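To keep things clear, I will list the structure first and then write my remarks on it.
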2 protein chains.
Amino acid sequence: MAFRFSLILHFLLLTFIVFIQAQNVDERDPTIKTMEEHSGYPLHEILSISSFSVDSLNLQKQIDELSSFSDSPAPSVTRILYSENDVLARRFIKNLMAHAGLSVREDAVGNIFGRWKGSEPDLSVVSTGSHIDAIPYSGKYDGNLGRRITNQSANDALTGYGFKPKRSLEVIMFTSEEPTRYGISCLGSRLLAGSVSLAGALKQTVDNHNISFLDAAKSAGYAKNEDFSNVFLDDRIYSAFVELHIEQGPILENEGCMLFYSFTLPFFTLHIYKCQFTLSLEGVSIGIVTAIAAPASIKVEFGGSGGHAGAVLMPQRNDAGLAAAELALAVEKHVLESRSIDTVGTVGILELHPGAINSIPSKSHVEIDTRDIDEKRRNNVIEKIHESAVEISKRRGVEVLEFKIVNQDPPACSDDSIIKAMESATQVLNLSYKKMISRAYHDSLFMARKAPMGMIFIPCYKAPEDIANGVKVLALTLANLSNVNVSSQAAFSS
Amino acid sequence: MAFRFSLILHFLLLTFIVFIQAQNVDERDPTIKTMEEHSGYPLHEILSISSFSVDSLNLQKQIDELSSFSDSPAPSVTRILYSENDVLARRFIKNLMAHAGLSVREDAVGNIFGRWKGSEPDLSVVSTGSHIDAIPYSGKYDGNLGRRITNQSANDALTGYGFKPKRSLEVIMFTSEEPTRYGISCLGSRLLAGSVSLAGALKQTVDNHNISFLDAAKSAGYAKNEDFSNVFLDDRIYSAFVELHIEQGPILENEGCMLFYSFTLPFFTLHIYKCQFTLSLEGVSIGIVTAIAAPASIKVEFGGSGGHAGAVLMPQRNDAGLAAAELALAVEKHVLESRSIDTVGTVGILELHPGAINSIPSKSHVEIDTRDIDEKRRNNVIEKIHESAVEISKRRGVEVLEFKIVNQDPPACSDDSIIKAMESATQVLNLSYKKMISRAYHDSLFMARKAPMGMIFIPCYKAPEDIANGVKVLALTLANLSNVNVSSQAAFSS
């Protein structure tokens with residue numbers, strides 16, 4: 001789930017479609033060992049292209065065009081599921097896919113698939129994906145980031161440099177990663193992963209304006225037979241799913257840089273060298289996600305007696321606001337008691353009713369988010385939070401009007417083979433990296449139920465080079481996973 | 001300050017204007033001792049009229065008419081300071097005053113004074129008062145209450161029963177008891193009490209729509225010379241100020257009843273007897289206010305780092321929301337540590353920014369209300385709250401963006417002579433009563449700076465008889481304080 005107030009990248013679709021530009025390697029100094037020789041790491045399955053450049057300028061037009069499909073004025077972007085602008089943006093993406101020579105299909109909720117047919121199309125497919133729905137006023141950042149990122153036509157990328165995948169490659173535009181309209185995050189990927197309960201629930205789901213999901217989907221050209229179970233993916237379709245995303249956290253920026261071979265590989269281009277220099281000052285370039293934390297969200301409501309802040313004496317009070325305050329602190333306490341750095345818990349919403357300075361709160365509403373890479377440990381925290389809510393309510397004489405676990409998704413681990421492919425790609429590109437946990441959740445959490453999964457992180461607030469680096473690592477990883485022997489230029493026609 | 005979600009009485013003005021209807025006493029059984037004989041209490045200065053009836057029906061029309069001046073649909077009432085409906089309601093009140101034979105004047109902020117000239121007009125005046133501004137949608141209750149209360153024309157009350165005060169009696173309609181429009185409660189009475197700072201500040205005060213207080217006051221026909229210092233009252237004008245109000249708390253309802261002479265005075269009317277019987281089951285009829293608690297309000301803002309609820313690990317957090325939660329609990333702790341039942345403290349407003357389930361709060365806003373009848377003790381609580389805010393901010397690495405004491409009014413004590421008059425009136429009427437603290441604050445808090453003050457409470461959620469009882473006690477108290485010897489029917493012409 002994208003963080004509302006952080007940077008959000010929607011560029012994956014475009015960057016995948018436009019893909020990579022391979023550059024020729026500089027003449028090599030034979031006295032210097034190769035990376036493979038240094039590391040002893042088997043790089044023969046990884047593209048030996050030691051340098052990619054990602055040309056931001058050529059793609060700017062497309063990014064600008066995508067950001068123009070918005071319900072809020074530029075530079076912000078607001079693109080709500082199945083709105084007119086969402087439909088226009090989908091058409092734009094489908095056109096890009098088609099122009100790039102991808103075969104395009106859509107499912108009943110509007111997940112869009114663009115497939116680059118491999119030389120062995122019967123093999124299971126290597127996939128990547130992202131979303132284009134944008135929470136209100138988020139696009140300001142998307143747009144700014146978008147302008148900086150690679151933007152080369154798909155046609156150029158796919159045919160101009162002659163890379164030919166063995167396994168087919170597929171890019172997926174997931175429907176409604178954001179919960180803005182129907183309160184369900186990762187709606188498209190949850191369905192792809194086979195959520196029977198969601199497929200059923202969607203038939204009764206309405207938005208804040210009482211417009212049903214079915215009507216909205218139909219207005220956008222989907223849900224024709226009202227059966228969402230045909231969205232479910234077959235387990236054998238994908239051999240891999242890899243997602244590129246910003247970290248949404250400070251770790252990559254704040255960590256000391258781990259540079260690899262920065263001085264032992266002088267044959268790298270000046271461009272790459274400069275990039276390394278920047279990184280050595282500012283942090284780590286790439287995060288290789290080993291697991292996605294298991295998110296759970298809880299809604300709690302306490303009901304008390306209320307009353308006038310002056311007139312009701314302290315012993316007569318049943319203050320629902322103080323119960324909420326205690327619960328917020330209890331969440332923190334139980335999380336810290338887990339003694340694991342990977343356990344987090346947050347009270348992001350705490351509302352008091354009636355919300356007047358001279359009114360004792362008669363009702364309070366708390367929303368809790370807790371995550372862990374260990375599902376059992378996280379569920380233990382949830383149980384303790386529940387016990388605290390009950391204990392606080394008894395002690396304060398307030399009522400627990402609601403204790404609802406809104407969702408309680410299991411964690412996902414990246415597949416070892418994909419971690420290895422991402423790591424190798426990073427090393428080939430001579431980029432600093434760090435293995436890390438994704439503590440935000442993404443469509444990948446659900447795609448992991450259908451395919452070996454991996455995620456690549458780039459820092460939140462970095463230079464255009466960082467974005468380019470992420471695209472390069474993704475490209476190399478996908479190329480490697482497509483199982484083409486690319487240790488030589490043989491796979492490239494030019 | 002009236003409690004938004006409790007019952008609010010605006011009926012004082014009307015009930016004063018229409019005043020009381022004296023009824024003849026039943027023939028007395030000479031074998032039964034009088035209350036004076038029983039108690040040994042000097043009742044000779046108190047009206048010996050042992051029974052009043054307050055006729056609700058005749059006044060209903062006027063109450064309905066007042067409630068029709070509203071910005072929200074009936075049965076709710078919304079009457080914002082200097083709005084068109086406020087101006088119309090003011091005109092209605094002035095007409096009532098004029099028809100009742102009162103001489104009417106207004107000051108520069110629209111406090112309205114209706115004086116019933118006494119037989120010795122040079123003596124200082126006995127006064128009472130209330131307000132007619134109504135917070136949004138409050139009027140539903142006002143209206144309902146209004147219909148039940150006395151509603152007899154002022155002319156009838158003042159001349160029909162021939163009561164003639166010695167000291168002049170004056171009713172004051174205070175401007176803006178509610179802080180709705182300009183955020184200043186008891187605006188009119190604060191100015192009457194001589195607040196130089198307020199008189200100055202009003203010249204720069206604007207509402208949420210950026211309409212200045214000066215412009216708004218002028219549009220309503222006030223503030224002609226823009227000098228608010230001429231509102232200040234001279235210390236010698238009033239010999240007493242008495243206000244009737246609902247308790248805004250549960251004490252009168254919940255207390256066991258203390259009935260006086262309920263069986264030793266069988267000559268009371270059946271009506272009164274019934275009333276006593278009801279009271280013996282349900283609580284105490286009248287609260288005699290001995291002091292008004294000293295209110296203070298504080299605004300606190302914490303600023304933290306924010307971030308994604310999943311991505312930012314617990315040790316890296318500076319959670320402004322948890323700082324607010326801790327401060328709310330610290331308020332309760334410091335209040336309880338005062339070990340006085342009269343100290344109260346409330347966090348009625350606690351807001352988190354950005355207020356999303358997956359966002360660590362980057363900002364929090366807390367509004368604290370604390371009161372006591374002991375100013376020093378309350379100020380000590382404020383100091384401890386401040387120390388806690390600083391300590392919490394340091395420990396959690398958040399910033400105290402604001403710690404603002406919005407107001408810090410001193411408490412007020414009722415005057416002994418007025419307590420005595422109220423008590424005697426209650427005893428004469430054979431009503432149960434309890435001496436108590438007003439923990440909500442009222443215009444009386446500020447009028448106490450200019451005159452000996454007293455307040456009469458009635459229960460919040462009681463029968464029409466309770467309201468009638470309050471009116472009777474007020475009437476007898478005012479009559480007594482007007483210093484007329486009313487131990488006989490002599491003062492009444494009929």
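Numbers for the structure displayed
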| item | result |
| --- | --- |
| B:S432, sole failed condition from (1) modelled with pLDDT under 95; (2) in contact with a His (Cβ under 7 Å, 6 or more places away or on another chain) | (2) |
| Verdict on A:R236 being crowded, with 16+ Cβ neighbours inside 10 Å, modelled with pLDDT of 90 or more and basic (K, R) | no |
| Evaluation of A:P295 against (1) within 8 Å of chain B (Cβ to nearest Cβ); (2) in contact with an Asp or Glu (Cβ under 9 Å, 6 or more places away or on another chain); (3) without any contact (Cβ under 8 Å) to a residue 40 or more places away in the chain (one fails), failing number | (3) |
| Residue that is farthest from the other protein chains (Cβ to nearest Cβ) [pool: residues in region B:307-318 that are in contact (Cβ under 8 Å) with a residue 12 or more places away in the chain and in a loop (DSSP other than H, G, I, E, B)] | B:N318 |
| Test for A:T278: is it over 30 Å from A:D374 (Cα atoms), modelled with pLDDT of 75 or more, within 26 Å of the chain's Cα centre (by Cα) and of a type outside the set (G, A, S) | no |
| One residue from A:S414, A:S362, A:S388, A:S393 being crowded, with 20+ Cβ neighbours inside 10 Å and more than 26 Å from A:H308 (Cβ to Cβ) | A:S414 |
| Residue pairs meeting the criteria (Cβ under 8 Å; at least 6 apart or on separate chains; first free of Cβ contacts under 8 Å to residues at least 24 places away in the same chain and within 7 Å of chain B (Cβ to nearest Cβ), in region A:319-332; second aliphatic (A, V, I, L, M) and part of a helix (DSSP H, G or I)) | A:L329/B:L322; A:L329/B:A325; A:L329/B:L329; A:E332/B:M314; A:E332/B:L322 |
| Hits in region A:307-326 - residues which are at pLDDT below 95 and either small (G, A, S) or not assigned by TED's automatic domain parsing to the domain that holds A:L350 (or both) | A:G307, A:A309, A:G310, A:A311 |
| Residues of region B:170-229 classified as acidic (D, E), in a loop (DSSP other than H, G, I, E, B) and modelled with pLDDT of 95 or more, total | 0 |
| Residue in region A:299-306 that is facing chain B (nearest Cβ under 7 Å) and either in contact with an Asp or Glu (Cβ under 6 Å, 6 or more places away or on another chain) or modelled with pLDDT of 95 or more (or both) present | no |
| Scan of region B:338-347 for residues that are without any contact (Cβ under 8 Å) to a residue 60 or more places away in the chain and either outside any strand (DSSP E or B) or within 7 Å of another protein chain (Cβ to nearest Cβ) (or both), ordered by number | B:S338, B:R339, B:S340, B:I341, B:T343, B:T346, B:V347 |
| Index of the failed condition, B:I368 passing every other in (1) touching a helix residue (DSSP H, G or I) at 6+ places or on another chain (Cβ under 6 Å); (2) part of a loop (DSSP other than H, G, I, E, B) | (2) |
| Odd one out for B:R396, checked against (1) more than 12 Å from chain A (Cβ to nearest Cβ); (2) touching a residue at least 12 places away in the same chain (Cβ under 8 Å); (3) not small (G, A, S) | (1) |
| Unmet criterion (only one of (1) among the hydrophobic types (A, V, I, L, M, F, W, C); (2) modelled with pLDDT of 95 or more; (3) in the same structural domain as B:R236 (by TED's automatic domain parsing)) for B:F403 | (3) |
| Residue pairs meeting the criteria (Cβ under 7 Å; at least 6 apart or on separate chains; first under 13 Å from B:G310 (Cα atoms), in region A:430-453; second basic (K, R)) | A:R439/A:R371 |
| Some residue of region A:184-202 being under 20 Å from the mean Cα position of the chain (by Cα) and of a type in the set (V, I, T) | yes |
| Test: residue in region A:348-363 that is more than 7 Å from chain B (Cβ to nearest Cβ) and assigned to a loop (DSSP other than H, G, I, E, B) | yes |
| Selection count, region A:415-439, where residues are under 21 Å from B:V312 (Cβ atoms) and either away from chain B (no Cβ under 14 Å) or not polar (S, T, N, Q) (or both) | 6 |
| Residue among B:I368, B:I405 that is β-branched (V, I, T), farther than 27 Å from A:T370 by Cβ, away from chain A (no Cβ under 11 Å) and touching a strand residue (DSSP E or B) at 6+ places or on another chain (Cβ under 7 Å) | B:I405 |
| Segments classed as helices (runs of 4 or more DSSP H), wholly inside region B:13-129, with at least 1 members that are buried (at least 20 other Cβ atoms within 10 Å of the Cβ), aliphatic (A, V, I, L, M) and modelled with pLDDT under 55 | B:35-39 |
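The values are calculated or read from the model by the stated rules, or taken from the named source; none is laboratory data. Every value quoted in this text rests on a predicted model; they were computed, and no experiment measured them. Glycine gets a Cβ as well: all are built from the backbone with ideal geometry, and neighbour counts include every protein chain shown.
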